[in-house]
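As structure tokens, the structure follows; a few thoughts come after it.
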Amino acid sequence: MATVHLRIGDLVWGKLGRYPPWPGKIVSPPKDLKKPRGKKCFFVKFFGTEDHAWIKVEQLKPYHPHKEEMIKINKGKRFQQAVDAVEEYLKKAKGKDQAHSDDKSKSDKGRKAAKPMKIIEEDDEDAFKGGSSDKEQTDSDPEPSSVRRLVAGTVSGFKWESSPVKDDPHFHHFLLSQSEKPASSMEPITKRLKIIEEDTGSTSIQAADSTAINGSITPTDKRIGFLGLGLMGSGVVSNLLKMGHVVTVWNRTAEKCDLFIQEGARLGRTPAEVVSMCDITFSCVSDPKAARDLVLGPSGVLQGIRPGKCYVEMSTVDPETITELAQVITSRGGRFLEAPVSGSQQLSNDGMLVIVAAGDRSVYEDCSSCFQAMGKTSFFIAGEPGNAARMMLILNMVQGSFMATIAEGLTLAQATGQSQQTFLDILCQGQMASTFVDQKCQNILQGNFKPDYYLKHIQKDLRLAISMGDSVNHPTPMAAAANEVYKRAKALDQSDNDMSAVYRAYIH
């Protein structure tokens, strides 16, 4: 049994919790960061991310001998980008080594040999996150090993589960980033939140970037329930399971639960059963009627609510529906939080949603690990339940109106003899450039309207936003005009296509 000796500068594969093995380099930790007690560990900086973490030595493998093995079991796009970053780093290091050799050969042969140049610079940010750093290493830094050195021998001490791992875009969210001094992991979440005071006097609270405060995410020990496995809910549940949460699922169409049962979820026969089995139950359904029916209907959520049970409504609905649901849940001793999400199916799958919450602040804190699993950031809006619904309807009103305007511009370009592709190229070089614009427009030009966010749902959000404006006597003429275009698209059987199919309302 060969013993592997690792040291500063070695390239390694590091495994942390349920995450797939990831390429990184052993570096010196910040001076004010103490090494964890217990088993021997190294401080590892991961390629393709801005993440750092203390990794136990038994969870490290040398990079080169295990490269092919790791590439076979990890097929994700982000993983491949990390491997490419390693190869680019090696190429740069080899160039530095060659330059050093050339300089040395030209030097005075009789001169006493100087200390060898370090091949791997501890703060070469180019390979890790695409930036650059002028920070110099000192003679007191540990001497790194050569990047050309391979560690020989079989590493039989490792017992990783080498089953194929899907692309895990969350990896960079939950490792410990030490670019700034992190808050203590034992510190209450309320002390680790970024607080934003608004002019109105209300307070929104944004969870600080989880890379900086959470290290390896520790899933809550609370039992999680999830109701609704549509475009958004499916991605959320997948990420909750991936991050180690215990999840019980229910869906109106039971067949949709099968995939998640295979991934380790438990099955609830009714919403009431899920709530009674779980500590925190999330729901994500299509509209206000579905949200009410889920809570108030036969074998509904309300029948499973007992004192202390938490219910989190993630559906985008009107504030009146939220107020009603909050009242009936709390009347049974339950705790209520609304937490609608901004994003799409792809962002849900990638764990990159933005969560906007309001209601019971303590429930928001209890959901911390869940929100980190499903999203890139979360906001808590102070005040009464319904505030998050108001904020989300405004956000979706803007997005829906913008999408309709883009579709109008594309069709006007075509009608006036202009190239739609050129229009898009120019648009994506200007101030409105965004991934949203580029992806939606490219899909339109390719005739691809596979739903990422249903057209019928964005039209529902526009309708609810307009109604909200009416309730406070605030005009919404732009949203009203966009709503009419989406209604026409629905009349053309585009309801179940992506919201970008509003384009078809202009060409029929």
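What follows draws every value from the coordinates through simple rules; no lab data is involved. As the structure is a prediction and not an experimental result, all values here were calculated from the model. Ideal geometry is used to build each Cβ from the backbone, glycine not excepted, and the neighbour counts take in all protein chains shown.
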ask   = Separation between the Gln421 and Ser495 pseudo-spin-labels, each 7 Å from Cα along Cα→Cβ, expressed in nm?
value = 3.6 nm
ask   = Hey, rough spin-label estimate for Val57 and Gln81, points 7 angstrom out along Cα→Cβ, what's it come to in nanometres?
value = 3.4 nm
key: Mean Cβ neighbour count within 10 Å, used as a protection proxy, ranking 240-249, 360-369 highest first   = 240-249, 360-369
query = How would you order 422-432, 276-286 from highest to lowest mean count of nearby Cβ atoms within 10 Å?
reply = 276-286, 422-432
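What is the calculated FRET efficiency for Ile73 to Glu255, with r their C-beta to C-beta distance and R₀ = 25 Å, to the nearest 0.05?
Values: r = 29 Å, r/R0 = 1.17.
Rounded to the nearest 0.05, the efficiency is 0.30.
Just how large is the dipole of the stretch 369-508 about the Cα centre, in debye to the nearest 20, putting +1 at every Lys and Arg Cβ and -1 at every Asp and Glu Cβ?
It works out to roughly 180 debye.
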ask   = Nearest 0.05, what FRET efficiency do Asp293 and Lys35 give at R0 = 60 Å with Cβ-Cβ as r?
value = 0.65
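Beyond 21 Å between alpha-carbons counts as too far, so tell me which of Lys35/Lys92; Lys440/Lys460; Lys31/Lys67; Lys450/Lys487; Lys31/Lys376; Lys376/Lys487 fall in that bin.
Over 21 Å apart, Cα to Cα: Lys35/Lys92; Lys31/Lys67; Lys31/Lys376; Lys376/Lys487.
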remark   = So for R0 = 41 Å, FRET eff. of Ala382-Cys428 from the Cβ-Cβ r, to 0.05, ends up at 0.65
inquiry  = Just want to confirm a number: the relative contact order over the stretch 265-314, from Cα pairs under 8 angstrom separated by 6+ residues, in percent.
reply    = 50 percent
ask   = What is the packing order of peptides 471-482, 395-406, taking the mean over residues of other C-beta atoms within 10 Å and listing the highest first?
value = 395-406, 471-482
query = In nm, to one decimal, how far is the Ala481 label point from the Arg332 one, both placed 7 Å along Cα→Cβ?
reply = 4.6 nm
